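S.K.: This is the structure I want to talk about, given as structure tokens.
Derivation of every value follows stated rules applied to the coordinates shown; laboratory data play no part. All values derive from a computational prediction rather than experimental measurement.
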Amino acid sequence: MATATATPTKKKLKFRPTDDRILIEPCEAEETTAGGIILPDAAREKPQRGIVLAAGPGKLLDSGKRGEMSVGVGDEVWYGKYSGTEIEFGTDKYVVLRENDVLAVVDN
């Protein structure tokens, strides 16, 4: 097995996740309902879908080796509504979460 390294971000962020953590750029929340009603910020659902911008090298196993990551940079993923930690770089908001908090990877 090859030595795993952190995957670089596509954007110019100086951010390198550790272990099995990933950096996600959340997709925008829906602003209108299916019926056309415009939702105020307070009523919008928290995003649960986003694009992976950076991925760590993988979880450190008891054997001393690193496990392989099942998600990579550019993957579109679904994650738990209240999973991870929200962080900000300037005006942009991101979510950092562990790989096991990812519910599904969207196949395009």
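S.K.: If you bin every alpha carbon distance in region 53-108 into 10 Å steps from zero, what whole percent lands in each bin?
M.R.: For region 53-108, the binned pair fractions read 20, 48, 27, 4, 0 percent.
S.K.: Apply the Karplus curve 6.51 cos²θ - 1.76 cosθ + 1.60, θ = phi - 60°, to the phi angles in region 76-86 and return the couplings in whole Hz, x for Gly and Pro.
M.R.: 9, 10, 9, 9, x, 4, 10, 7, x, 10, 7
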